[in-house]
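What follows is a short report on a single structure.
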Amino acid sequence: MLRRHLLAALAGTAALAGLAAPALANDPVRIGYTIARTGLFAAAAPSQEQAYTLWAEQVNAAGGLDVAGTMRPVEFVSYDDESDPAKAAQLYERLITSDNVDLLMAPWGTPHHLNVAGVVERYGFPMVGNTAASVLIREVQPGNIWFPTSAIPDRIGPELAAMLAGAGVQRVAILANVLPFSQENLQFLTPALEAAGIEIAMSENYPPDISDMTPLLTQVRDAAPDAVLALTYPADAFLYAGQARELGIDPRLTFMLIGPTIDAFGQAFGPAADGIVTLAHWSPEQAAWPRARPFFDAYVARFGQAPDYLDSALAYMSAEILQQAVATAGLDRDALRAAIAGGTFDTINGEVRFDGVQNAVTPTAFVQRQAGVMQLVWPPAIATAPLAMD
Amino acid sequence: MMTSLLSGQLLFAAAVLGALYALVGLGMNLVYGTMRLLNVAHGDLLMLGAYAAFWWFTLTALSPLLALPLVAAMGAGIGLLLYALLFRRQLAQGLPPEVIEARSLLLFFGLSVAIQNITAYAFTATPRAYRHLDTVWQVGQTAMTGNRIAALAVAGVILAGVLVFLRRTTFGMEIQALIQHREAARIVGIDVGRVQAVAIALGFASAAVAGALLSMTEQVTPFMGFRFTIAAFVVVILGGLGNIRGGILAGFLLAIIEIYAVTLFSSEARSILIYGAFVAILVLRPQGLLGRARR
């Protein structure tokens with residue numbers, strides 16, 4: 001236990017030291033957050049924390065954060081929440097009351113956001129969320145938290161059905177992980193497909209610790225669907241992609257829920273990853289968003305790998321929104337709250353504006369790997385390339 | 001359904017999975033059987049092997065299969081280091097087995113946390129993966145990806161090799177003797193210290209090699225090991241604690257259940273089927289499939 005905290009403290013100190021800010025006259029702005037550095041979500045969290053780190057380094061290199069006219073350097077105060085939402089809530093309380101941070105940034109994951117929402121509401125401390133995606137966020141009281149993502153299951157289902165119907169898909173096979181996000185999506189997807197007149201040839205659940213999908217996939221192959229909708233989490237995304245390829249399952253369209261936006265997925269499958277459609281509403285290919293490409297290039301240069309098209313983009317967007325709000329409102333919590341709630345922001349994902357807790361501008365979208373590049377393929381309004389079907 | 005059950009595809013899947021489970025259980029059995037040490041860090045050794053293979057491939061662009069001897073040596077080296085620093089004196093004190101087991105649980109748990117966190121700090125927790133041997137070979141109706149064939153072949157050779165080693169060589173018989181009855185082995189003149197060192201080296205080496213094989217098909221993260229520690233425990237308890245042959249049998253049995261029973265029922269029932277079989281077998285034979293009943 002002590003060793004774990006020591007290592008976490010070491011990592012935290014190293015992270016702070018890494019923000020080698022040029023000599024700036026003013027006091028640093030202290031920004032607090034927790035993130036899952038250990039535990040179940042530790043493999044997913046770096047995509048977010050790295051985006052935070054990149055943002056802070058860029059801000060400091062440009063002279064600091066604009067706090068209503070005064071330039072001040074940014075400094076993080078961060079903790080490992082050990083993938084535990086309850087612990088995250090405790091640590092945020094500590095950040096607010098004991099560490100007295102000036103600003104807050106969000107943890108990783110839906111349950112963490114929901115727990116921390118209660119804390120920020122209690123203390124009236126505004127925080128821009130990011131990597132939370134569940135219909136439950138619609139039930140959060142507007143006030144001190146906002147969610148920029150558009151990847152909410154009750155919109156994903158209908159949009160996916162619309163995209164499939166538009167592409168002439170008539171028969172699908174669904175495989176779903178039993179974990180919450182997959183099941184929530186399944187809940188909205190099934191009626192949406194039925195409403196669009198698409199036949200569901202099979203719909204099977206599988207456990208998250210599945211080691212071999214051969215039995216499932218022989219069923220899929222026998223069902224001969226036009227499209228396979230694999231509602232995966234990262235680990236089973238790898239398993240599915242590898243084993244579907246082995247069994248020669250090559251429908252006209254493959255959709256995977258979470259997995260293909262991770263850099264390692266492209267590394268593992270190369271050209272075989274092409275054509276897979278997944279969830280994301282950002283791509284550096286969108287020329288209408290001038291900040292998108294520079295972010296992508298900077299991330300690759302800094303970390304040697306592509307950003308996660310969903311999580312890294314959202315994390316960076318939340319930082320941009322905070323930055324722009326602070327520039328007009330300073331650090332006063334009431335002013336900041338009003339600025340975030342009522343403002344229009346220019347982010348790497350284009351314009352963002354909040355209606356209550358939700359993003360009123362960014363549509364629910366899908367991306368597809370084409371020739372190794374992640375293209376936005378839906379909705380047509382923001383698509384950078386047409387949907388490619390086999 | 002019947003023709004599907006007889007398919008070569010399912011057989012191949014069961015073979016690959018079984019070989020992997022058996023290999024993962026082998027390492028744990030060697031360490032527990034000879035020393036009564038409960039290696040809760042077993043999966044983390046596997047994780048280190050996976051990272052070694054990943055970095056080897058990334059930095060040299062050569063097949064990780066070529067690096068297997070190095071990976072095995074790395075695992076063995078870690079095992080020997082731990083033995084020399086932590087366990088040799090503990091074991092020489094002649095403490096009752098329950099005390100050794102309890103202490104080892106804590107020691108290995110601390111080790112597990114340390115290994116995971118050091119790895120996360122060194123390489124970040126971002127998932128890693130690479131593409132290797134991903135050509136799909138077709139034999140009749142059965143499709144087999146190259147890296148899975150390789151994993152099956154390597155695991156199979158190691159398992160067969162260990163069984164031959166145990167049965168045919170003097171050293172192998174010494175290991176078996178130590179597993180069977182510690183005091184008798186000492187009385188008969190077996191150099192217990194040396195045998196223990198070799199057992200831990202072999203056990204850790206096999207875990208690292210299993211990790212290297214898995215890295216070809218799975219994403220590599222610092223926290224990937226826990227799942228395999230659990231799998232190893234299930235395999236060794238089912239087969240009979242410390243029983244090498246039992247562990248191998250149990251590994252293949254679990255894979256058969258996982259593939260064939262799932263085909264008959266559903267994927268969702270996977271955990272119920274596996275753990276249900278596990279509990280049922282233990283109720284009927286508490287000592288495991290090939291374990292000896294407690295005196």
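Quick note: the coordinates plus some simple rules give every number you see, no bench work behind them. Please read these numbers as outputs of a predicted model, since none were measured by experiment. Cβ coordinates were reconstructed from backbone atoms using ideal geometry, including for glycine residues, and neighbour counts include every protein chain displayed.
For the stretch A:92-157, state the semi-axes of the equivalent ellipsoid (square roots of 5 times the eigenvalues of the alpha-carbon gyration tensor), sorted largest first and rounded to whole angstrom.
Working: eigenvalues 109, 22, 16 Å².
Taking √(5λ) for each Cα gyration eigenvalue gives 23, 11, 9 Å.
Projected onto the charge dipole of the protein assembly as shown (+1 at Lys/Arg Cβ, -1 at Asp/Glu Cβ, origin at the Cα centre), which of B:GLY240, B:PRO96, A:TRP108 gives the Cα projection farthest towards the positive end?
Going by the Cα projections, it comes out as B:PRO96.
On C-alpha positions alone, give me the angle between the axis of helix A:110-123 and the longest principal axis of chain A, in degrees, nearest 10.
30 degrees
Just report the Cα centroid separation between the stretch A:323-390 and the stretch A:41-71, whole Å.
Taking the Cα centre of each part, the stretch A:323-390 and the stretch A:41-71 sit 18 Å apart.
When each pair of different Cα atoms in the stretch A:55-97 is counted once in the 1/r mean, what is the Kirkwood radius in angstroms, to one decimal?
When all Cα pairs of the stretch A:55-97 are included, the Kirkwood radius is 12.2 Å.
Label points 7 Å out from Cα along the Cβ direction at B:ARG227 and B:HIS181: separation in nm?
Result: 4.3 nm between the two label points.
Under the Karplus relation 6.51 cos²θ - 1.76 cosθ + 1.60, θ = phi - 60°, what is the ordered set of whole-Hz ³J(HN,Hα) values for the stretch B:71-88, x standing for Gly and Pro?
Here the 3J(HN,Hα) series is 4, 4, 5, 4, x, 4, x, 4, x, 5, 4, 5, 4, 5, 7, 10, 9, 4 Hz.
Sort largest first and round to whole Å: the equivalent ellipsoid semi-axes of the stretch B:70-136, each the square root of five times a Cα gyration tensor eigenvalue.
33, 16, 12
Would you work out the Kirkwood radius for the stretch B:3-119? I mean one over the mean of 1/r across all pairs of different Cα atoms, in Å.
Kirkwood hydrodynamic radius for the stretch B:3-119: 16.4 Å.
Where the eigenvalues come from the Cα gyration tensor of the stretch A:160-266, what are the semi-axes √(5λ) of the equivalent ellipsoid, largest first, in whole Å?
Numbers: eigenvalues 82, 48, 35 Å².
Those come to 20, 15, 13 Å.
With springs only between Cα atoms under 10 Å, which of B:ILE237, B:ILE187, B:ILE100 fluctuates most in a Gaussian network model of chain B?
Ranking B:ILE237, B:ILE187, B:ILE100 by mean-square fluctuation puts B:ILE187 first.
Multiply the residue separation of B:ARG285 and B:SER63 by 0.36 nm, subtract the distance between their alpha-carbon atoms, and state the gained length in nm to one decimal.
So the chain would gain 75.6 nm between B:ARG285 and B:SER63.
Please report the antiparallel percentage of the DSSP beta bridges confined to chain A, to the nearest 5.
DSSP beta bridges in chain A are roughly 35 percent antiparallel.
Let me check the size of the stretch A:270-348 from its C-alpha atoms; what are the radius of gyration and Dmax in Å?
Values for the stretch A:270-348 (Cα only, Rg and Dmax): 15.4, 51 Å.
With +1 on each Lys and Arg Cβ and -1 on each Asp and Glu Cβ, how big is the dipole of chain A about its Cα centre, in debye rounded to the nearest 20?
420 debye
Considering only A:THR232, A:THR261, A:THR190, give the residue with the highest GNM mean-square fluctuation for chain A, with springs between Cα atoms whenever their separation is below 10 Å.
Comparing A:THR232, A:THR261, A:THR190 in a Gaussian network model of chain A, the most mobile one is A:THR190.
How would the stretch B:211-295 be classified by its alpha-carbon gyration tensor: rounded, prolate or oblate, with rounded meaning a/c under 1.5 and the a/b versus b/c comparison settling the rest?
oblate
Under a point-charge model restricted to the Cβ atoms of Lys and Arg (+1) and Asp and Glu (-1), what is the dipole moment magnitude of the stretch B:2-284 relative to its Cα centre, in debye to the nearest 20?
On the way: 15 positive and 10 negative charges, 78 e Å.
The calculation lands at about 380 debye.
Considering Cα pairs under 8 angstrom that are at least six residues apart, work out the relative contact order of the stretch B:2-284 and quote it in whole percent.
42 percent
Given C-alpha coordinates of the stretch B:154-240, what is the ratio Rg to Rh with the Kirkwood estimate of Rh?
Computed over Cα atoms, the ratio is 1.04.
If you take the charge dipole of the stretch B:2-284 about its Cα centre, with +1 on Lys and Arg Cβ and -1 on Asp and Glu Cβ, which of B:GLN141, B:ALA269, B:VAL195 is farthest toward its positive end?
The one lying farthest along the dipole's positive direction is B:VAL195.
Dipole magnitude of the stretch B:203-295 about its Cα centre, charges +1 at Lys/Arg Cβ and -1 at Asp/Glu Cβ only, in debye to the nearest 20?
520 debye
If Rh is defined by the Kirkwood formula over all Cα pairs and Rg also comes from Cα, what ratio Rg/Rh do you get for chain A?
Taking Rg over the Kirkwood Rh, I get 0.98.
Can you report the principal axis dimensions of the stretch B:193-245 using only the alpha carbons, biggest first, rounded to whole angstrom?
Per principal axis, max minus min of the Cα coordinates gives 36, 25, 18 Å.
Which ordering of B:ILE115, A:ILE321, B:ILE149 is given by a fewest-first count of other beta-carbon atoms within 10 Å?
Exposure proxy ranking, most exposed first: B:ILE149, B:ILE115, A:ILE321.
Quick check: residue separation of B:PHE165 and B:ILE272 times 0.36 nm, minus the Cα distance between them. What number comes out in nm?
Gain on extension, B:PHE165 to B:ILE272, equals 34.9 nm.
Please compute the volume of the convex hull spanned by the alpha-carbon atoms of the stretch A:238-390 and report it per residue in Å³.
120 Å³
Calculate the all-directions average of the projected area of the stretch B:2-284's alpha-carbon convex hull, and give it in nm².
Seen from a random direction, the Cα hull of the stretch B:2-284 projects 15.9 nm² on average.
Can you give me the Rg/Rh ratio for the protein assembly as shown, using Cα atoms for both radii and the Kirkwood formula for Rh?
1.00
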